[in-house]
Amino acid sequence: MAGTLHLVATPIGNLGDVTSRAVEVLRSAAFVVCEDTRHSGPWLRSMGVQAPLLSLPAFAEKERIGGIVARLEAGEDGALVTDAGSPGISDPGEALVAEAVGRGIRVVPVPGPSAVIAALSASGLPSGRFHFLGFLPRSGPDRTAVLDEVAGLRSTLVLYESARRLGETLADLEKAFGPRRAVVARELTKVHEEFVRGTLPELSERYGGEPPLGEVVVLVDGRTEAARWSEDEVKTALAAGLERGERLKTLSTEIARQAGWTSAEVYRLGSRRAR
């Protein structure tokens, strides 16, 4: 009989957040898979975990899952941890879980700390529905496409970003969404935990200079305007803007922000009109 793969959430800052169940599972596992054994190893050993540690970094996940799955199929119970938080959520684990599930291996979550949930619960923004974006593409058309895709959503948007790119990302969010409410949650559960609330323009200005330190979660209010504009309303706005001499690309972005359309949809409509 095949073993079980346990996905064990680990503290995102405060080491007191580890659950007693997580400790029990880690101590009883035949082996523990780590995103980085150098990071997790000392912590695991301090809790009395003596099992062999296997490394599963993001850049080599697909190449290394074969040996892990083989041990599970041989009947060993394994546990997966990442450097912080829940495995597979913007961290290694997704490919391993998919392979295990595909081979009929039992996969069991051992839930615990999550930066997404911690940030959302204390943000002050609507939390009944949210859309998690993980890390945005670095720049260019891929980033624009993702922001276009979610611009019309009424659910709160949550994303991760590195501190050094925070200012640039907030500027892109402002350009895509306008002056929506937003929150920068930094160093969650740690000594210097901080929630900075404001509008996207305010936060973009605040973090446009020197980047902050630590881990960052960004939350943005969902679309709160009235109903999505009709096609005729968009055409009217396009006609007025083009007659004023505005460039179609810039105009499309501005109209999309107000109309609940994506900028690509508005641009296509404007391009047909210009022919």
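The values are calculated or read from the model by the stated rules, or taken from the named source; none is laboratory data. In this text, all values refer to a predicted model and were calculated from it rather than measured experimentally. Because the Cβ atoms are built from the backbone with ideal geometry, glycine has one as well, and the counts that use them run over all protein chains shown. For accessibility, only protein heavy atoms count, side chains too; no ligands or nucleic acids. Shrake-Rupley method; radii C 1.70, N 1.55, O 1.52, S 1.80 Å.
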Evaluation of V217 against (1) crowded, with 18+ Cβ neighbours inside 10 Å; (2) in a loop (DSSP other than H, G, I, E, B) (one fails), failing number:
(2)
Every residue from region 141-169 that is open to solvent by 40 Å² or more (accessible area, probe 1.4 Å) and in a helix (DSSP H, G or I)
P141, D142, T144, A145, E149, R164, E168
Among the residues listed as R228, R180, the single one being in contact (Cβ under 8 Å) with a residue 40 or more places away in the chain, open to solvent by less than 40 Å² (accessible area, probe 1.4 Å), of a type in the set (K, R) and within 26 Å of E265 (Cα to Cα):
R180
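Return yes or no: is E24 crowded, with 17+ Cβ neighbours inside 10 Å, under 17 Å from P109 (Cα atoms) and acidic (D, E)?
Details: crowded, with 17+ Cβ neighbours inside 10 Å: no; under 17 Å from P109 (Cα atoms): yes; acidic (D, E): yes.
Against the criterion (crowded, with 17+ Cβ neighbours inside 10 Å, under 17 Å from P109 (Cα atoms) and acidic (D, E)), E24 does not qualify.
Could you pull out the residue among G75, G134, G104, G88 that is in contact (Cβ under 8 Å) with a residue 40 or more places away in the chain, out of contact with any Lys or Arg (no Cβ under 8 Å at 6 or more places or on another chain), under 16 Å from V8 (Cβ atoms) and small (G, A, S)? Don't jump to the end; show me each part of the working.
Working: G75 fails: under 16 Å from V8 (Cβ atoms); G134 fails: under 16 Å from V8 (Cβ atoms); G104 fails: under 16 Å from V8 (Cβ atoms).
Result: G88 is the single residue among G75, G134, G104, G88 that is in contact (Cβ under 8 Å) with a residue 40 or more places away in the chain, out of contact with any Lys or Arg (no Cβ under 8 Å at 6 or more places or on another chain), under 16 Å from V8 (Cβ atoms) and small (G, A, S).
Would you please name the residue that is nearest to the chain's Cα centre (by Cα), looking only at residues in region 41-62 that are farther than 16 Å from E99 by Cβ and open to solvent by 70 Å² or more (accessible area, probe 1.4 Å)? Let's see the steps before the verdict.
Of all residues in region 41-62, those farther than 16 Å from E99 by Cβ come to 41-53, 55, 57, 59.
Those still in the list that are open to solvent by 70 Å² or more (accessible area, probe 1.4 Å) too: 42, 45-46, 50, 59.
Working: P42: 27, R45: 30, S46: 30, Q50: 32, F59: 18 Å.
Once the filter is applied, the top-ranked residue is F59.
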Scan of region 183-214 for residues that are closer than 21 Å to S155 by Cβ and open to solvent by less than 60 Å² (accessible area, probe 1.4 Å), ordered by number:
V183, V184, A185, L188, F195, G198, T199, L200, L203
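Sort through Y160, Y207 and tell me the only one that's of a type in the set (F, W, Y) and over 25 Å from E254 (Cβ atoms). Full working, then the answer.
Values: Y207 fails: over 25 Å from E254 (Cβ atoms).
After applying the criteria, what remains is Y160.
Right, R197: closer than 18 Å to A118 by Cα, outside any helix (DSSP H, G or I) and basic (K, R) or not? Steps first, please.
On the way: closer than 18 Å to A118 by Cα: yes; outside any helix (DSSP H, G or I): yes; basic (K, R): yes.
Answer is yes for this residue.
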Would you pick out the residues in region 94-126 that are surrounded by 15 or more Cβ atoms within 10 Å (Cβ to Cβ) and closer than 17 Å to V218 by Cβ?
S114, A115, V116, I117, A118, A119, L120, A122, S123, L125, P126
Residue count for region 63-93, restricted to those that are under 30 Å from A119 (Cα atoms) and either open to solvent by 60 Å² or more (accessible area, probe 1.4 Å) or not hydroxyl-bearing (S, T, Y) (or both)
13
The lone exception for E254 - which of (1) over 30 Å from R165 (Cα atoms); (2) touching a Gly at 6+ places or on another chain (Cβ under 8 Å) it fails:
(1)
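For region 127-140, what are the residues that are part of a strand (DSSP E or B) and open to solvent by less than 70 Å² (accessible area, probe 1.4 Å)?
Those that are part of a strand (DSSP E or B) and open to solvent by less than 70 Å² (accessible area, probe 1.4 Å): H131, F132, L133, G134.
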